[in-house]
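So the structure is just underneath, and the comments pick up after that.
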Amino acid sequence: MVQNSNVAINLLGPRHKIKRREDFEFINIEVPERIAKACAKHGIHRLIHFSAAGAEANSPSLDFQTKHEAEDIVRKAFPNVTIFRPCPVFGLNDNLASIIRGQINFFWNKFVPVYDDCTTKKQPIRDNDVAKCVLNALKLEESKGKTYELGGPHVLTKL
């Protein structure tokens, strides 16, 4: 699929709740590695790889552990990759907004239960802002081989 392209963007990630490490490894590591190797093989000029804010080797989240591992693997296969680590992305009819809307509509009197002490912080970013980051990275040669953390202008407590 990348053979006649000059840019490839990997936005893959688990969409549904998965719990097995093998499932995370497939979608977060194996598939991005295949994409990066295909890009290198076919001489693709630019590869943009989306990871996640919080991607760390010692994260308690299997998703974040495998996304961190994938960053190293993709970088080995395609050294000039530009990696973005976005915070939760929101926009019209997106997954984050749908989840919040579903929670609000599920509970009567429009309240949402809180399962912690409200210390969790989020820094959501608009989808349009993420798109601008991608376009700017494609224009700037110095973005090759770099990793960028993407977050919105406001830090919010969990709903």
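Summed over the stretch 136-159, the residues that are touching a residue at least 12 places away in the same chain (Cβ under 8 Å), farther than 21 Å from Ala55 by Cβ and either of a type in the set (A, V, I, L, M) or in contact with a Pro (Cβ under 6 Å, 6 or more places away or on another chain) (or both) give a count of 2. Scanning for something modelled with pLDDT under 95, outside any strand (DSSP E or B) and either surrounded by 13 or more Cβ atoms within 10 Å (Cβ to Cβ) or over 15 Å from the mean Cα position of the chain (by Cα) (or both), does the stretch 74-89 turn up at least one residue? Yes, the stretch 74-89 has at least one match. Apart from one condition, Ala38 fits all of (1) surrounded by fewer than 21 Cβ atoms within 10 Å (Cβ to Cβ); (2) under 21 Å from Leu150 (Cβ atoms); the exception is (2). One residue alone among Ile35, Ile29, Ile48, Ile9 is within 21 Å of Arg85 (Cβ to Cβ), touching a His at 6+ places or on another chain (Cβ under 9 Å) and touching a residue at least 40 places away in the same chain (Cβ under 8 Å), and that residue is Ile9. So in the stretch 63-89, with the set limited to residues that are in contact with a strand residue (DSSP E or B) (Cβ under 9 Å, 6 or more places away or on another chain) and among the polar types (S, T, N, Q), which one is farthest from Gly13 (Cα to Cα)? Ranking the qualifying residues of the stretch 63-89, first place goes to Asn80.
Candidates in the stretch 134-155 are the residues that are surrounded by 12 or more Cβ atoms within 10 Å (Cβ to Cβ) and more than 23 Å from Glu69 (Cα to Cα); of these, the one that is nearest to the chain's Cα centre (by Cα) is Gly152. Looking across the stretch 12-26, just one residue is among the hydrophobic types (A, V, I, L, M, F, W, C), surrounded by fewer than 20 Cβ atoms within 10 Å (Cβ to Cβ) and within 20 Å of Phe84 (Cβ to Cβ), and that is Leu12. Inspection of the stretch 116-125 finds a residue satisfying the criterion of being surrounded by 12 or more Cβ atoms within 10 Å (Cβ to Cβ), under 22 Å from Pro14 (Cβ atoms), over 17 Å from the mean Cα position of the chain (by Cα) and at pLDDT 65 or above. The requirement of being surrounded by fewer than 17 Cβ atoms within 10 Å (Cβ to Cβ) and either in a strand (DSSP E or B) or modelled with pLDDT under 90 (or both) is not satisfied by Ala57.
The values are calculated or read from the model by the stated rules, or taken from the named source; none is laboratory data. Being a predicted model, the structure only gives us computed values, none of them experimental. Cβ: placed from backbone, ideal geometry, glycine included. Neighbour counts: every protein chain shown.
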